[in-house]
Structure formats: C-alpha cells, structure tokens
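Below is one structure, written out as structure tokens, with a few remarks after it.
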Amino acid sequence: MSEYKPADIEPKWQEYWLNNKTFRTDHNDRERPKFYVLDMFPYPSSAGLHVGHPEGYTATDILARYKRMNGYNVLHPIGWDAFGLPAEQYAIKTGTHPRDTTNQNIDGFRRQLQALGFSYDWDREVNTTDPAYYRWTQWIFLKLYEQGLAYEASVPVNWCPELGTVLANEEVIDGKSEVGGFPVERKPMRQWMLKITAYADRLLDDLNDLDWPESIKEMQRNWIGKSEGANVIFPMKAGTSSVEESIEVFTTRPDTLFGATYMVLAPEHPLVNRITTGEQKSAIASYRNTAAKKSDLDRTDLNKDKTGVFTGAYAINPVNKEEIPVWIADYVMMSYGTGAIMAVPGHDERDWEFARKYDLPIIEVVKGGDVTKEAYVDSEEGVCVNSANDEVSLNDLPVPKAKKVITKWLEEKDCGTHAVTYKLRDWLFSRQRYWGEPFPVIHVDGKPKPLPEDHLPITLPEMDDFQPTKTGEPPLAKAKDWVNTTDPDTGKPAVRETNTMPQWAGSCWYYLRYISPDYEQGPVDPEMEKYWMPVDLYVGGAEHAVLHLLYARFWHKVLYDIGAVSTKEPFYRLVNQGMILGELEFTAFKDAAGEYVTADRSGLSDELERIKLLEKDVEKRGDRFVIKGTDTVVDARSFKMSKSRGNVINPDDVVAQYGADALRLYEMFMGPLEQVKPWSMQGVEGVYRFLKRVWRLIMDEEFGGVNEAVAHSVNDDGSPAVQPDRAQLKLLHETIKKVTADIEGHRFNTAISALMIFTNEAMKWEVRPVSVLKPFLLILSPFAPHLAEELWAKLGALSGKQANGTDFPSNGPTEDGGTLAHEAWPKYEEALLRADSKTYAVQVNGKVRGQIEIPADRSSEKDFVLDAARNEPGVRRHLEKGNVVKEIFVPNRVINFVVK
RNA sequence: GCCGCCGUGGUGGAAUUGGUAGACACGUUGGACUUAAAAUCCAAUGGGCCUUAAAAGCCCGUGCCGGUUCGAUCCCGGCCGGCGGUACCA
C-alpha cells in the first residue's frame, strides 16, 4: 500500500530542510544577482494563522523557490511584529507577562509556518520585542531626534478611558476605539510627535517612481492631501476688537476673494476670545462649549445642518475693503490650514449652505452657474466677474490665470502669500502602554534629554501590574526604581520617559534588519545593505496601504538622509494580496409573521429573521438566487471571515485533512493573487485530487514504489530505456514555457492549470519517461514542494543519483543531492514546441463557420490557406450566399471572408 | 458626495490584450469498477431552435444601451450594480 499521504511525507521534508538549512542565505555570497522577496511580517496573535496569511506567503515562497532555481541569491525572511495591545490586555486580565504570551504565540506561528513548508531562512528571524532588535529601533529614534524630527508637544489626543491609553487618529473609527469599540474623548496630554510633515513633498513625489498598485498610490496621495492656494490676511475692522488683530486664512481659491462675504473661525481658534464683542460673548461661549463636547462622529453627523454664531466682529476684505462679519462654526476645523476661512458662498457648497441658513450675502464672482440656486464650484471652465479694484482686475480671466494674478497682487501688498497645505499631520508617536519600545529619553529639570547611543537598549522594567493609571499616566510610571535615574552626563537626578512607542515603530525598518540580523554596529551592515536593497518584491494586505507603508517610507528617507541606507525608497515593487472571504452563503429572510420575504439589498431590516440555506435549496433565477420552486429571492454572498460569523477557516485543519501542499496549491489556484475571493472547501478537495494524480503518475498505489509505466522507461543501470516521443516533449516544453511565464507574471492560478493539463495528459502514457517526469517535478516544486521532493527522491533512486536523467544541470550552492531545491529551473526549447499543423478558424462575416488544419510548413502561405478555407464544406455553404468582397488573413490564427 | 477597483456558465475563474468565449477546477447528471461504500476511471454539462433519434446545422450569449472595426470580454461614449478607501480638508 502506498497512497499519497501528505501527513507522512510533509513533516519529513520540513525536518530535512530545517536540519540541512537548505534555505539559508549565505552572508558571503554576493557575486550572484540577488532577489529580496519580502512578506509583511505578522503580528503573532493567540488565534494563530488564518488562511489569509498563507496566501501572500505562498506567492512569495513560490517566487523565492523559483528564483533560487534560476541561480539567484534569494533573501526570503520572516519575523514577528510582536509588540502591541492584545498581549498587554491579556496581561492585565490574567497577570501573565506579555513577554510570555508573545513568545508562546510566536512559537505557535513558527510551528504553523513551518508546517506549510515555506522556504524562509530561519537564521534571520527577527522579533520587534527582542532588546537586541529594539535597541536599533531606539537608535533610529535618536537619529530622528537629532534631525529635529522628534519633538514633545501637548496635544489634544484621543483618550480612551476604557483602554487607558491614547489612540492615533487612525485607531479611532466613528468616535470609538478600533480595538474594542470603546468611546474616545479629546484630552490634552504631553506626547512625542514625529515630524512626518517635513517629508510630505518627498513622500508624495517619490510615489511616481514606485511600481505599486495605482489604488495604493492614490490612497497615499489623498492621505498626504497636498493643496495649493494662498494664505490671505484679513485685518480686523478698527474698534471691533480690543487689540489690533488680523485673521489669516488658507484658500485654494484666491480668485474668488471678491466674493468673500463673511469669515468663519473654528470654534477652538485662539482669536475667538479676543475679538468677540460684549453682547455676543455668552452665545459664543455656549457654542464653543457644545462644540468641544462633540466627538468627531457628532460633527460629521451634523454634516447637513450647519450651525454657527456671529462673534460681533468684522474683518476687512483686503481686495475691496468691504467689512465682512466674522462667525464661528464647527464646519471649520482647527487642525487644517489656519483654522479659519474666508467664506465665498457663491462658489463653495458649504459656505453656500451656511449663507442661506444665516442670510448672508451671496455674490457671483465666477461666471458659469446660477449662484442663487447652488454654489458654482467649477475651477476650470469659469471666468471671473465682479472682481476688480483700483489696482487689479480679474474680470474676464479664467480661474487658473486669476489665481496667479491675485496671488501676485496679494504678495505685493503684503497681505497674502502663495501657500501649500497638507492634510497629513505630524505623527503622534507615543502610547501610554507597557508593551512597546521604551523611549531612550530622560527628563532632567523637566526637559527631555536623549540618552547616549551606548546606553541602548533601554529595556523594559520587570513589572507584574500592567494596569494603566486612571490619570492616563502610563503603566511604566509605576516602576519607580526604573523611572528614577540619573543623568549620565551630569549625575543630576532624572526621570525616564514613561511613554512607549506605537506598534508601527518596529515594523518601520524590519526589512533592513533581516539583511544582517546579528550586526552590532548599526541597524544594518552597510556593505550588505548595498547588495540587498531595495526589496525586489513586497507582498501584503491592502489594509496597510497608508499607515505602515507611509511610516516605513518616512523612516527610510530619514535613514537615507543620514547615509544609513543607499536607496530613497524601501519597496519599489508592491503587490497586495486580495482578501479571502468565507464560503458562499445563501440567506433567506422571514418577517415577524414567519413568511419568507424577498431579499432586497437596500432595505434589509434587522427585524427580519435570517435563515441559512444550503446550496441545494436554492436555484438561479435571472441574475439572482431564489428558494427552489418559489419566487423568494435569497441573499447570496460571501462574507469576511470572522469569529462572530463562524466562517473562519483554520489552516491547521486544512493541513490535517489535505496536507500543506494542497493548501498552498488551493490558495494559489483560487484566482488572481490581488483579487478578493471566497473560500471553498470543495476547491481544496479539487487540488488535493490533482496531487493524488501526480502521485499516481509516478507511484504504484497497490504495490508501493515507482509504477511500471515509469520503471519501464529506464534500464536496470539507470540509463534511459526509451526516448520520449515528440508529443511528450512538446507537452513538457509547452508546460515549462507556460509555468515559467506565469510565475514571472504572478499568474499562479494559470500556472497550476498548466501543471494539471500536463498531468492529465501524462496519465494516459503507457510509458512515462523519467527524463520527462523529472523536469515536470522541478516546475511543480515551488507550488507543492513536499510532494515534488518526495517523488524526486523516488526517481533519483530509480535512475541513479549521479545523472539526474535530464538535460537540465544542477547549479545550486548546496551539493547534497538530497533536495531538488537548488536544481536548475528547466528551460524550454522553441524547436520542440512546434506543431506539425496549425489550426485556422474560418469566419464568414465574423462568425466561425469551420476549422481547417494546415501543415505547419505551409501555414503562412496566404493563397494556399485561403484556398483550403474556401473548400471547407461548412464555409463553402456560407460563401455561396453572396460575393466575397474582402478576405482577412491573420497568419496562424483566423481567416474572415466578408460576403455581400 | 469624491477617489480607486471590479461585473464572463450553477460556482471559482481562463482567453497569447482586437482573432474559434468558457481553459483548468468545483458542482451536477449518467455510466464503469465494488457485496457495499470510499477512492478511481469514462462521458455529458452556457441557453435555446430544428430533428423520431443521432450526426450535422442554426440562433442567442461576457451587467445594460449605443459606437468604432472584416471581427469587440478586450477600444470609445453613456448608464446600472457590487467592493474598497475617504469625507465639512476651505
């Protein structure tokens, strides 16, 4: 008995690869071309891997294995992004030290990844929580500080009392914490900030050089949010305020200045108190109070209904000396631009709405719309009107030209400048948590002071109480012995920084550490860095489109500026794997009376009872599914995998049932890598059957050992007993060609399809030459490495280890002969692909009416082929219906007769 | 609202980017093997028309409507639907 049993062969080969360090990347090998293929390293959660992880990991593993066989020096590492909130939350609940939880989870992840046969160099594993690693995270922070890119500020932050920490804007969703969904309020606190805004332009411009999905680049562009316009200064009307003040606004539409009929300050704007007149004071105070209490969610909810209060003060429009009222309203944000706007209701939708509500004047200054009906916002087509004073006129100028003219005038008059504003804000870089990198900073006499490099790493103190304090002080503040220290320079008493870095810190530079994980003189060995960088391919989920990828680019550019790295960008090529959804679900709906209701996408009320149906209970009707035999439409869709929905697939279960090779193969066979795709257990079954077929292609299930069809192809001494025939060679070389091109193009699904076609054909051969099967195993091996290794060993035993029985030499750095991992990738021969005959499709008026076979050596002779086409019976019948007015001849493909 | 991506059989998806739409796989149906099941193998499988039946043939068909072309899943214009991101950003 010798069936395909992945449970027997997979662990064996995994152990072999580990023990022999088959995939170790040699430090000294820098002659060959390099290929650095990188996975986004995982956060090792207690839940273990989900099937989304192996998707990207399998793709990169296929490429790593393929490139190795093509003679490249491949760097294919993995590690752990292991700081973070879940381990700390768990510690608070159970008292287990986050380090212990983290290490357990890492062990689990490592075991799972190894069980999938990924060809990582396990000697390069990095772990962001390892002091030997975060020593360099801290070092980079010191560099940022030296560059003036790290500073302390008291900023209103998103304070989440429940989690006892502040959150970054991106960790707050709809006014609630992303983790846990707890309410979040604004509270000013002392924080570390990183000046990412100083790099905004470079982060934006250098996107153009990157081979990334356009959608990701666009998201980063939007996130940076660069706008060009002008800052304009509006002096206050004399006497309306106690001091001489002016309001500076940012506008992208300086061309509409003549249409500014009022101004709006953000409620938090510092000028508000100073300009508000006596009788307005109480109204303003109460409005500001309400606004301060509103969360971001509330503010957006009020989207439609704008509110505001008049300050009683007036400003002077610099272009026409008009006195215009100054209001406050919460549709103006303090955090963008200058926190104040000039309102041009004629040409801005928000201002128009506000002006309508409070009866403020609306003036048309750009022709093209009807400002009594709606704001006219077109900035390309419009032409300025009503826009002139004694010195300058914009009238009849198109908008872009008018912007330039008025900006120049403002600059001459000293009441404005050309200005650029970004949506991007400085990066809030500290967290009130225990389980993160400590800052290498002490406070002496209340002032921050960086510690010298030779004090690194600053390790976390041992603690057993990880509970945050109610005041927002970080848990580290409780470690009094650790906190109280002395300044190494002066010996003065000092206190350590008790905030820790956010989780993003460690992942900002890990791709550098893999290059020289044991290097002691810096984050990365400069010699090695020059050889390995940049990363040739980075694969990961689109959820990191903005934050991780923007932060990492920022750090990389800083490291580039100080000469620590040699490339401007870390990742020139990026691919996002698409999310894997749960299995397709059919859901029917019952109303309160228990009657089935047709599923209507728009109005699925929560009142309805949801009934899960099986595939056999439904049928297709038009473009929808209905309950079999009825007209009741059901909802048919796949959902994101989630614990609550109960549709999570655990890779361990798949491996246990079908093996790692089947899981790998299925993940790739589902569809294009970048696409969102639903999981299907039956699909796994399908590729598993394919692997069993490959097994039987070579092995005899009944008697064990290599089957007769294969054994008969060699003599007892291992020499070939038969030569492969032309058809066999043609199929082999076609498959090599297709699989090679598909791997290069990341079309793994169609590569697998080609391997299936080969197998289906080869199963029919009565004699299966080893010299054909061996190259097939080589091209199968990146996809299903365990099975390929096993069968390769069986064929090796059959044909002798010396000659590998193929025309393809071994070229690997390891010569142990026991693995195919370093065999040369087979090359196809064009001559063997040639067919004896070519098939033409023959069309009449664009419709296929027949096919003709033409001997290959005559297939380009137009007259000969056309003649054969005309004589094809199915074609002739249609030609007789009229006169041929045109003949289209596409060599080796198609003929089209146009008949009238 | 804005930005980006995507609509192909019962299902996942192919189609050398303008040249035989539906490769490969799942599912389904029928058959073989088996005491039986599993496994395996063989055949059919987009919808419809014609025909006693088969072969052959014909019509329709890549979200919808139109255009360019000898020929369109592919290019252009206009809609509809789905997914993701983002949102008072001045």
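Each reported figure results from applying straightforward, stated rules to the coordinates on display, with no laboratory input. In this text the structure is predicted, and so the values were computed from the model without any measurement. Glycine gets a Cβ as well: all are built from the backbone with ideal geometry, and neighbour counts include every protein chain shown.
In this rough spin-label picture, where each label sits 7 Å from Cα along the Cβ direction, the A:Glu744-A:Gln851 distance is 2.8 nm.
Taking all Cα pairs closer than 8 Å and separated by 6 or more residues, the relative contact order of chain A comes to 13 percent. Per-peptide packing, taken as the mean over residues of other Cβ atoms within 10 Å, places A:774-781, A:333-340 in the sequence A:774-781, A:333-340 from highest down. Annotation: aspartates and glutamates with alpha-carbon distance below 16 angstrom to A:Lys470 (same-chain offsets under eight excluded): A:Glu162, A:Glu185.
Please report the relative contact order for the range A:835-899, taking Cα pairs under 8 Å with a sequence separation of at least 6, and give it as a percent rounded to a whole number. Reported as a whole number, the value is 39 percent. Relative contact order, whole percent, for the range A:562-711 stands at 26, derived from Cα pairs under 8 Å and 6 or more residues apart. Peptides A:474-480, A:388-394, A:576-582 ranked from most to least packed, by the mean per-residue count of other Cβ atoms within 10 Å: A:576-582, A:474-480, A:388-394.
Of the trypsin sites (Lys or Arg not before Pro) found in the range A:602-680, those in coil by DSSP whose Cβ has at most 15 other Cβ atoms within 10 Å are A:Lys628, A:Lys643, A:Arg645. Among the GluC sites (Glu not before Pro) found in the range A:1-86, those both in a DSSP coil and sparsely packed, with 13 or fewer other Cβ atoms within 10 Å of their Cβ, are A:Glu3, A:Glu31.
Were the residues from A:Arg111 through A:Glu380 laid out at 0.36 nm apart, the gain over their Cα-Cα distance would be 90.9 nm. Helical runs (DSSP H, four residues minimum) scored at -39500 (n - 2.57) apiece and divided by the length of chain A put the mean residue ellipticity at 222 nm at -9500 deg cm²/dmol.
Listed peptides A:98-109, A:444-455 appear in the order A:98-109, A:444-455 once ranked by packing, highest mean of other Cβ atoms within 10 Å at the front. Which lysines have a Cα lying under 25 Å from the Cα of A:Lys281, excluding residues fewer than 8 positions away in the same chain? Cα-Cα hits under 25 Å: A:Lys187, A:Lys237, A:Lys293, A:Lys294, A:Lys306, A:Lys357.
A crude spin-label estimate for the pair A:Thr598 and A:Glu162, with each label 7 Å from Cα along the Cβ direction, gives 4.0 nm.
The string of couplings for the range A:563-575 from the Karplus curve (6.51, -1.76, 1.60, θ = phi - 60°) is x, 7, 10, 9, 10, 6, 10, x, 10, 7, 10, 10, 10 Hz, one whole number per residue in order, with x for Gly and Pro. Near A:Gly79, the amide H atoms lying under 5 Å from its own belong to A:Val126; only residues 5 or more places off or on other chains count, and H is placed 1.01 Å from N. Ordering A:Val420, A:Gln191, A:Thr587 by the projection of their Cα atoms onto the charge dipole of chain A, which places +1 on the Cβ of Lys and Arg and -1 on the Cβ of Asp and Glu, puts A:Thr587 at the extreme positive end. Treating each Cα of chain A as one equal point scatterer and applying the Debye formula with no solvent, the log10 of I(q)/I(0) at q = 0.05, 0.08 Å⁻¹ comes out as -0.43, -0.99. For the pair A:Arg425 and A:Asn208, the difference between a 0.36 nm per residue extended length and the Cα-Cα distance amounts to 76.0 nm. Say R0 is 30 Å: what FRET efficiency, to the nearest 0.05, do A:Asn715 and A:Ser753 get from their beta-carbon distance? So, using R0 = 30 Å, E works out to roughly 0.30. Excluding same-chain neighbours fewer than eight residues apart, the lysines reachable from A:Lys847 by a Cα-Cα span under 23 Å are A:Lys838, A:Lys862, A:Lys881, A:Lys886, A:Lys900. Spacing of the modelled spin labels on A:Tyr151 and A:Asp454, each 7 Å from Cα toward Cβ, amounts to 3.2 nm. Proximity of backbone amide H atoms, modeled 1.01 Å from N, is registered between A:Asn845 and A:Phe897, A:Val898, A:Val899 at under 5 Å, excluding neighbours fewer than 5 places apart on the same chain. Computed extension length for A:Lys401-A:Asn484: 23.7 nm, one decimal, from 0.36 nm per residue of separation with the Cα-Cα distance subtracted. Here nothing in chain A passes the span test, since no DSSP H helix has an alpha carbon length of 30 Å or more along the helix axis and a Kyte-Doolittle mean of 1.0 or above. Dipole check for chain A: with +1 at the C-beta of Lys and Arg, -1 at the C-beta of Asp and Glu, and the Cα centre as origin, the magnitude is about 1340 Debye. The GluC sites (Glu not before Pro) of the range A:323-376 that meet both conditions, a loop assignment by DSSP and at most 14 other Cβ atoms within 10 Å of the site Cβ, are A:Glu374. Taking amide H atoms as placed 1.01 Å from N in the peptide plane, the amide H of A:Arg621 lies under 5 Å from those of A:Val626, each 5 or more residues away in sequence or on another chain.
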